[in-house]
1. Among the candidates A:Ala83, A:Ala92, single out the residue that is out of contact with any Ser or Thr (no Cβ under 9 Å at 6 or more places or on another chain) and more than 16 Å from C:Thr110 (Cα to Cα).
2. Scanning region B:6-23 for residues that are closer than 21 Å to C:Glu155 by Cα and more than 7 Å from chain A (Cβ to nearest Cβ), which turns out surrounded by the fewest Cβ atoms within 10 Å (Cβ to Cβ)?
3. Is at least one residue of region B:89-98 of a type in the set (Val, Ile, Thr), in contact with a helix residue (DSSP H, G or I) (Cβ under 7 Å, 6 or more places away or on another chain) and closer than 30 Å to C:Ala17 by Cα?
4. Among C:Asp52, C:Asp79, which is modelled with pLDDT of 95 or more, in contact with a strand residue (DSSP E or B) (Cβ under 8 Å, 6 or more places away or on another chain), crowded, with 20+ Cβ neighbours inside 10 Å and facing chain B (nearest Cβ under 9 Å)?
5. Here are some residues: B:Asp75, B:Asp97, B:Asp103, B:Asp79. Which one is in contact (Cβ under 8 Å) with a residue 24 or more places away in the chain and not aliphatic (A, V, I, L, M)?
6. For region C:94-104, enumerate the residues that are surrounded by fewer than 24 Cβ atoms within 10 Å (Cβ to Cβ) and assigned to a helix (DSSP H, G or I).
7. Among the residues of region B:36-55, write down those that are under 21 Å from C:Ile119 (Cα atoms) and aliphatic (A, V, I, L, M).
8. Would you check if C:His139 is under 19 Å from A:Ile68 (Cβ atoms) and in contact with a helix residue (DSSP H, G or I) (Cβ under 7 Å, 6 or more places away or on another chain)?
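The values are calculated or read from the model by the stated rules, or taken from the named source; none is laboratory data. Keep in mind the model is a prediction, meaning the values are calculated, not measured. Here the Cβ positions follow ideal geometry from the backbone for every residue, glycine too, while neighbour counts run over all protein chains shown.
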Amino acid sequence: MSGHANGRVETLRATAASRQALGRLAMDTRGQGLVEFTAELARWVAESGIQDGLLTVFCRHTSASLTIQENADPDVRTDLMAALDRLAPRTALYVHDLEGPDDMPAHIRTMLTGVSLAIPVVGGQLALGTWQGVYLVEHRDRPHRREVVLHIIGE
Amino acid sequence: MSGHANGRVETLRATAASRQALGRLAMDTRGQGLVEFTAELARWVAESGIQDGLLTVFCRHTSASLTIQENADPDVRTDLMAALDRLAPRTALYVHDLEGPDDMPAHIRTMLTGVSLAIPVVGGQLALGTWQGVYLVEHRDRPHRREVVLHIIGE
Amino acid sequence: MSGHANGRVETLRATAASRQALGRLAMDTRGQGLVEFTAELARWVAESGIQDGLLTVFCRHTSASLTIQENADPDVRTDLMAALDRLAPRTALYVHDLEGPDDMPAHIRTMLTGVSLAIPVVGGQLALGTWQGVYLVEHRDRPHRREVVLHIIGE
């Protein structure tokens with residue numbers, strides 16, 4: 001094992017939890033790449049009036065996914081897409097190839113990165129770290145309209 | 001960046017949230033492969049009587065995991081298993097090899113695909129996209145009995 | 001498809017859900033490796049007094065992540081780190097390389113393993129399987145102070 005947890009969990013809040021909201025966000029992608037939507041999430045959390053709770057983000061696709069990544073240097077996003085291309089190359093042989101050479105790699109990349117995320121909300125703010133941004137990852141070559149569904153619960 | 005979010009989140013519902021349920025589903029696997037259980041989830045959501053909220057699925061194993069994938073063409077599932085075999089090959093050298101050549105690859109594949117998923121519930125329905133199905137992924141060669149625990153909260 | 005779901009979901013509990021808590025845990029890592037914090041989570045769940053509900057764990061970093069893995073044989077953790085090193089090698093060519101050869105691989109490994117996890121709570125206990133432990137994965141070479149934010153909701 002490498003490192004250790006420091007003692008115990010500090011409780012930040014203990015409150016009632018009586019409210020929730022569901023939302024929907026559409027995004028137009030321009031082919032493979034990452035689309036940030038952190039600001040849209042933060043704005044909706046503020047509009048919901050929920051101060052403390054949990055936000056869940058769900059992507060309704062099998063060839064687009066979600067990730068939380070560094071939002072400072074755009075080169076990071078270039079390298080992330082290149083890494084996914086190495087992990088699920090379009091040049092591999094696939095049984096399922098009727099929908100084009102980018103389709104099956106898109107399914108594999110979606111499986112590796114995932115379609116649901118949960119972020120705590122503390123004092124009306126998403127509890128993201130300094131460098132964390134929330135991204136939809138488009139894995140297909142052509143532009144698509146993508147949809148995420150949001151759920152927030154708390155008080 | 002590739003693409004952009006379209007304006008703002010549309011609120012679908014804002015309601016009370018006062019109820020929850022916990023459930024358990026057992027599955028018998030027949031060796032490596034994907035087992036769909038979307039219908040079982042949908043039925044339990046309906047039985048819970050919760051119209052709006054959040055469903056969480058949790059897999060209680062370190063050599064079986066969860067994924068949401070295309071439920072149309074079975075060839076996709078064949079290619080997904082082949083991709084996991086390339087990413088965590090059983091022919092690699094592992095320190096931990098006492099439980100057989102399929103054991104350590106199973107742990108790695110579980111780490112890459114994950115053991116928890118959250119899906120919003122809107123109007124009594126899982127907010128899955130048209131082609132999305134929920135699957136348990138068995139990573140061991142031999143049949144196993146696997147167990148997932150479910151949580152639903154909302155109103 | 002390989003295997004089948006056995007009939008239907010068994011409901012374990014159906015209760016009110018009126019309370020939540022938010023918490024914070026800091027961890028000092030000693031360079032690349034897995035840091036277990038299952039016991040800290042279990043203790044906080046007990047302190048919260050919530051018997052039935054859902055615990056969410058969120059990691060506030062882009063070069064450290066979360067995984068649920070076997071907590072018995074430490075060799076498993078050695079092999080997991082070696083697998084991540086093969087999947088996102090530090091010897092690959094990256095555009096983003098100003099922060100050292102371990103930085104971009106750390107972002108890729110974080111993307112593949114994820115930063116949020118949800119675990120149901122049943123009868124005051126985390127619904128983990130027998131061999132499951134909860135780990136922070138440090139992907140950088142040097143020691144770091146890492147922070148996870150926790151949310152629990154239920155009754």
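1. A:Ala92
2. Result: B:Arg19.
3. Pass one, region B:89-98, residues of a type in the set (Val, Ile, Thr): B:91, B:95.
Filter again for in contact with a helix residue (DSSP H, G or I) (Cβ under 7 Å, 6 or more places away or on another chain), leaving B:95.
Filter again for closer than 30 Å to C:Ala17 by Cα, leaving none.
Taking every residue of region B:89-98 in turn, none turns out to be of a type in the set (Val, Ile, Thr), in contact with a helix residue (DSSP H, G or I) (Cβ under 7 Å, 6 or more places away or on another chain) and closer than 30 Å to C:Ala17 by Cα.
4. Values: C:Asp79 fails: in contact with a strand residue (DSSP E or B) (Cβ under 8 Å, 6 or more places away or on another chain).
Among C:Asp52, C:Asp79, only C:Asp52 is modelled with pLDDT of 95 or more, in contact with a strand residue (DSSP E or B) (Cβ under 8 Å, 6 or more places away or on another chain), crowded, with 20+ Cβ neighbours inside 10 Å and facing chain B (nearest Cβ under 9 Å).
5. Being in contact (Cβ under 8 Å) with a residue 24 or more places away in the chain and not aliphatic (A, V, I, L, M) holds for just one of B:Asp75, B:Asp97, B:Asp103, B:Asp79, which is B:Asp103.
6. Just the residues of region C:94-104 that are surrounded by fewer than 24 Cβ atoms within 10 Å (Cβ to Cβ), to begin with: C:94-103.
Scanning region C:94-104 gives a single hit, C:Asp103.
7. Within region B:36-55, B:Leu41, B:Ala42, B:Val45, B:Ile50, B:Leu54, B:Leu55 qualify.
8. Values: under 19 Å from A:Ile68 (Cβ atoms): yes; in contact with a helix residue (DSSP H, G or I) (Cβ under 7 Å, 6 or more places away or on another chain): yes.
Here the answer is yes, as C:His139 does meet what is asked.
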